[in-house]
1. On the given criteria, is TRP39 in contact with a Phe, Trp or Tyr (Cβ under 8 Å, 6 or more places away or on another chain) and either at pLDDT below 95 or on the phi < 0 side of the Ramachandran plot (or both)?
2. Being in a helix (DSSP H, G or I), free of Cβ contacts under 8 Å to residues at least 60 places away in the same chain and of a type in the set (A, V, I, L, M, F, W, C) is the filter here; which residues of segment 347-371 pass it?
3. For segment 190-207, how many residues are within 16 Å of the chain's Cα centre (by Cα) and modelled with pLDDT of 90 or more?
4. Can you pull out every residue in segment 252-267 that is farther than 18 Å from SER357 by Cβ and touching a helix residue (DSSP H, G or I) at 6+ places or on another chain (Cβ under 6 Å)?
5. Just checking, how many residues over segment 10-23 are open to solvent by 10 Å² or more (accessible area, probe 1.4 Å) and either in a helix (DSSP H, G or I) or in contact with a strand residue (DSSP E or B) (Cβ under 8 Å, 6 or more places away or on another chain) (or both)?
6. Assess whether GLY120 counts as being assigned to a strand (DSSP E or B) and either open to solvent by less than 10 Å² (accessible area, probe 1.4 Å) or in contact with a Ser or Thr (Cβ under 7 Å, 6 or more places away or on another chain) (or both).
7. Inspect all residues belonging to segment 45-55 and state whether any of them is in contact with a His (Cβ under 6 Å, 6 or more places away or on another chain), charged (D, E, K, R) and not in a loop (DSSP other than H, G, I, E, B).
8. Cβ contacts < 8 Å: first residue open to solvent by 10 Å² or more (accessible area, probe 1.4 Å), restricted to segment 30-56; second residue assigned to a helix (DSSP H, G or I) and of a type in the set (Val, Ile, Thr), any location; separation 6+ or different chain. Result?
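The values are calculated or read from the model by the stated rules, or taken from the named source; none is laboratory data. For clarity, every value in this text was computed on a predicted model and none was experimentally measured. With ideal geometry, Cβ positions are generated from the backbone for all residues, glycine too; neighbour counts draw on all protein chains shown. Heads up: the accessible areas ignore ligands, DNA and RNA and are worked out on the full protein's heavy atoms, side chains in. Shrake-Rupley method; radii C 1.70, N 1.55, O 1.52, S 1.80 Å.
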Amino acid sequence: MSMLSIVIPAYNEERAIGAVLERMRAVGPALQEAGFTDWEVIVVDDGSRDRTAEIVSAYPEVRLIRHPVNRGYGAALKTGFAHARGEWLAFLDADATYPPESLPDLYRAARASGADMVVGSRMGRAESEMPLVRRIGNWGFAFLLRVLGSAAISDSASGMRLLRREILERLYPLPDGLNFTPAMSARAIYEGLRMIEVPIPYRERLGQSKLHPLQDGVRFLHAIVWTVMTYNPVRVFGMAGFGLIVAGAGLGLSAFLWPGPGGWPFPRLFAAVVLGALGAHLFAVGTLFNYLVSLFHKRPIRQGLFGRPLFRQPLERRFLPLGLLSVAAGLILYGWAAMAGLTAPPFPAPWFVPAVSALTVLMGVDLITAWILVRALSELSQRELRIRQDLAAGAVASPTEPLPQPLSISHPA
């Protein structure tokens, strides 16, 4: 049995807040039946300029906290969490879109699964009234989290959730705006928290929406990508690099298969080499970032591009031989071209081979440098663990010399 704190952020919601609080009153018996011994409702008025605070004041059982100025959706939620007394926290919007009646179902699901957070998903019920633009946006964000976070979540921006208070420290810091919820979803995934979804009905809001699909959609995208960058940057850099390498390979293949009427398409071939070199560079940078992130979080290296820890991937272990091979190939290519007269007229493109050679050598140096830094960062990331292992080994080692006998002191009778 435990206590639940329900936080409702409100900004100019005079048309809907009363109906939401009436529904909160009615859901009390169901909360008790679900297992809560006590609950509280906290409304954070985020600098409203209408009658929102006045309406909330008419409900003596509701705690009203007021921001003197509008600070944002996420800021209002964080204020409510800071004043909450329950071991469990829940939040929902003040615009009557989310059903308070689903809170008992969310808690039952949490208890049955042992989840740290339960998300009310608006995407799993046929009676959802979510506008098509937002539905498409949610599909896109869900796909992005699946690709970047390797987690299946259908509604990353849902504004109705139930979570254990103790996980807040692992979720923070979170933004102050409407991108609070997608950032929370991404951080929960990378913090290894158990997050599940429960389908809920969703109704179109009462009053004017504060959400701007394009502007806030960009903020949601930024919140997800930037959160991934602070936990597993090789997912972003590696995928970008892999895409460039594939594009370069395709461009180079097209140059060989369809050279065109003018003979060898040197610009196309050079562009292919540049794309490949950039792709290798981005992948190496992402790998280095992952080790730096691991040092900061003091945790093992996060999973990489293909779903396995980076230090077990053959490609990373082969940065050094690949780099040496690339440098050697670049130097040999230039030497052969110089002896064959391909670096000066009358060769139709005397710049081509020297430029390709330089890029190949630079790519090799980049990989060699990345290998050196990865080795150093790998050692640093395991330093504390090895110190503890060495100390433990010293503590359990058997002594090789006899222990000194204790002094015997006799006392006079």
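1. Against the criterion (in contact with a Phe, Trp or Tyr (Cβ under 8 Å, 6 or more places away or on another chain) and either at pLDDT below 95 or on the phi < 0 side of the Ramachandran plot (or both)), TRP39 does not qualify.
2. Scanning segment 347-371 gives VAL353, ALA358, VAL361, VAL365, ILE368, TRP371.
3. Here the count works out to 3.
4. Within segment 252-267, PRO265 is the sole residue that qualifies.
5. So the first thing to find is which residues in segment 10-23 are open to solvent by 10 Å² or more (accessible area, probe 1.4 Å), and the list is 11-15, 18-19, 22-23.
In the following step, the residues that additionally are either in a helix (DSSP H, G or I) or in contact with a strand residue (DSSP E or B) (Cβ under 8 Å, 6 or more places away or on another chain) (or both) were identified as 11, 18-19, 22-23.
Selection size over segment 10-23: 5.
6. On the way: assigned to a strand (DSSP E or B): yes; either open to solvent by less than 10 Å² (accessible area, probe 1.4 Å) or in contact with a Ser or Thr (Cβ under 7 Å, 6 or more places away or on another chain) (or both): yes.
When the stated conditions are applied, GLY120 passes them.
7. yes
8. ILE55/ILE17
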